[in-house]
Every structure is written in structure tokens, then in C-alpha cells.
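Down below is the structure, laid out as C-alpha cells.
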Amino acid sequence: RTATRDFSKENELGKGGFGAVYKAELGDRSIVAVKLLFPTEQNLRDFLKEAVLITGIKHRNLVQLKGCCVRDKKRMLVYEYAQNGNLAQALWGKDGSSALTWAQRLKISVGIAKGLSYLHEELQPKVIHRDIKPQNILLDKDLNAKIADFGMARPMKGDQGTQATRVGGTVGYLAPEYAVQGLFTEKLDVYSYGILLLQIISGRKCFDSSATSDEFYLRTRAFKLYRVGCLLSIAEQNLLATTSAEEIESVLKIALSCLQVVHDKRPSMS
Ligand code: ADP
Ligand code: MG
Ligand code: MG
């Protein structure tokens, strides 16, 4: 149970198209995050899917759902509270600069990968998140990454992929093939993760775009890969200027295996 006074502007943690998220205190004094949804029909469907899909899922790198309730017309999802906010805030903050060290960037990158690999490899059927981006990655007090916002997530039926009834997600992070065909497999999340990783490593706000779909379709794969190449070289310069050889090696290893997926393994357009 939460008091209504909790849902005030000063307790607001974030706001999205679906509603707002508030910091709240429960009867036992524990702090939680309550996602309060605007009562539209589409939101109700997404609310039910978000709730059903992640109820009972417990993993260190997935934000944990503690409960949900429907009161009057209000629909609420109650989550564990992530003290360090979302990854976009950690990467770019208010003045656009980041205070994250390489060790922290590495920890966050690995955490997201572990969360994704749980969704894709441990769960049966696989769960595809479909909206991996910095705003949907939360950080707890120890900077453990927690994948959040399962409103777009769906189970994957069959090995060939699932046809989306509605292509949502966020333009800059979507694999072009998915945006065109609407067919998704876990590679969709891996593609978005590749973009995310480049942002984490380079510190650049690349691809974080609110461009319209039309603009997006005009972007070619070659252009994207060209930018990926530029970013890697920025990342490389950053890396060379700092830290131990071990750290450099592990970051580059993750980056390269992701790039391989971005380059080679995405579903083809034909
Ligand atoms: P939406 O579906 O509207 O995008 P999200 O679940 O992504 O909603 O939450 C929106 C924002 O609220 C996040 O980007 C984050 O800043 C904040 N937020 C969400 N859940 C939590 C949480 N458990 N702890 C801390 N902040 C959160
Ligand atoms: Mg979100
Ligand atoms: Mg959402």
C-alpha cells in the first residue's frame, strides 16, 4: 500500500509515453518505484503483458516486479527501486558529460549482457525485450545494471522469429530489418545492445535519435556501419588514454563480439 501523497512532482523518477514513475515508501518503510499508467486501452494491454511476462522472474540484472494493482482507473506496477536512476542520466547527466570510470562502464556493459542472456537463453520461451536503450537500463546503488520497462517485451514463438503486430521501440536502436519487416528474434535486442555498448564506450550520444520513421528508413546499413567504425576509433582513443591493459582487452572483446552480431548475423532483408 502506498499513500496517494507519494505521487507528487517531487517524487517523480521519470515520465514516459505510458505514464509516470514515482518513488514511494511502503508500510514497512521500504522504498519502491511505482509505475502509474495513463488509462488508455493500449496501455492496459501493455500493462497486462508487462505484468504477466515478468511476474516471478528474478535475476540480478532485471528490475524486479514486486507487485501490481488496479485501483479505480489507476494501474500500478511496483518495482524495486534503482537508486542511481537510468543509464542515460549516468552517461550524459545534466551537462552532457559522464563521471563513469572505465571499470564502471565495463561492469554496466557486462550486467546488461547477463540480463539479456538470461532473457534469451534461460527462459523458455525466450523473452525479447524490444526496447533496449539507455533510458530503460536502471542502475542500483552499486551500479548493477537492471534491465527495465518490459512494456514492449514479448515471448518469442518458434525459432524463425515472431511477427510483430505493432512495430514499436525506439528508432535509433532498432535493427533496420525489423523496422521494415516486423519480424523479430533475440538478434533484435543484440543489435540494440551493440548500439548501447558503443554509447557506453565512446560516451557519445550517437544514434539516440527521435527521428521519424521516414528518416530512419532512409538511413542505410552502410551509413550506420560507417558511424560504428568512427565510434570504435573514438572508444579506442579513450581507452588508450586510460586504464590497464586488462580492462582495455575486456571492453574491446565485448565490443567486437557485439559488432560481429551487428555486421554478420542479423536477419537478412530478403
Ligand atoms: P516508460 O514505459 O514510460 O518508458 P519506464 O519503466 O521506462 O517507463 O520508466 C521511465 C523512467 O522512470 C526510467 O527511464 C527511469 O528514469 C525511471 N524509473 C523507472 N523505474 C524505476 C525504478 N525501478 N527505479 C528508479 N527509477 C525508475
Ligand atoms: Mg522506458
Ligand atoms: Mg515502456
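Under 8 Å between Cβ atoms, at least 6 apart or on separate chains: pull out the pairs that start in the range 184-196 with a residue that is closer than 14 Å to GLY172 by Cα and end on any residue that is crowded, with 24+ Cβ neighbours inside 10 Å and aromatic (Phe, Trp, Tyr).
Cβ pairs passing all conditions: TYR191/TYR173; SER192/TYR173; ILE195/TYR173; LEU196/TYR173.
What are the pairs with Cβ atoms under 9 angstrom where one residue, in the range 9-38, is within 14 Å of ASN136 (Cβ to Cβ) and the other, located anywhere, is of a type in the set (A, V, I, L, M, F, W, C) and away from ligand 3 (no atom under 16 Å from the Cβ)? Sequence gap at least six, or different chains.
ALA33/ALA24
Mind listing whichever residues of the range 137-179 are within 16 Å of ligand 3 (Cβ to nearest atom), modelled with pLDDT of 85 or more and touching a Gly at 6+ places or on another chain (Cβ under 9 Å)?
Once the filter is applied, which keeps residues that are within 16 Å of ligand 3 (Cβ to nearest atom), modelled with pLDDT of 85 or more and touching a Gly at 6+ places or on another chain (Cβ under 9 Å), the range 137-179 yields ILE137, LEU138, LYS146, ILE147, ASP149, GLY151, MET152, ALA164.
Among the residues in the range 120-136, are any in a helix (DSSP H, G or I), under 17 Å from the mean Cα position of the chain (by Cα) and away from ligand 1 (no atom under 16 Å from the Cβ)?
Within the range 120-136, one or more residues are in a helix (DSSP H, G or I), under 17 Å from the mean Cα position of the chain (by Cα) and away from ligand 1 (no atom under 16 Å from the Cβ).
ARG75 passes all but one of (1) of a type outside the set (Val, Ile, Thr); (2) touching a strand residue (DSSP E or B) at 6+ places or on another chain (Cβ under 6 Å); (3) away from ligand 3 (no atom under 16 Å from the Cβ); which number fails?
Here ARG75 meets the rest and fails (3).
Which is closer than 30 Å to GLU121 by Cβ, within 9 Å of ligand 1 (Cβ to nearest atom) and surrounded by fewer than 18 Cβ atoms within 10 Å (Cβ to Cβ), of GLY67, GLY16, GLY56?
GLY16
Consider LEU36 carefully, then state whether it is hydrophobic (A, V, I, L, M, F, W, C) and within 30 Å of GLU121 (Cβ to Cβ).
No; evaluated as a whole, the condition is false for this residue.
Please tell me if ALA103 is in contact with a helix residue (DSSP H, G or I) (Cβ under 7 Å, 6 or more places away or on another chain), more than 24 Å from ASN11 (Cα to Cα), surrounded by fewer than 17 Cβ atoms within 10 Å (Cβ to Cβ) and not charged (D, E, K, R).
Taking the combined requirement at face value, the residue satisfies it.
The values are calculated or read from the model by the stated rules, or taken from the named source; none is laboratory data. What you are looking at is a predicted structure, and each value in this text was computed from that prediction instead of being measured. Heads up, the Cβs are rebuilt from the backbone with ideal geometry, glycines too, and the neighbour counts pull from every protein chain shown.
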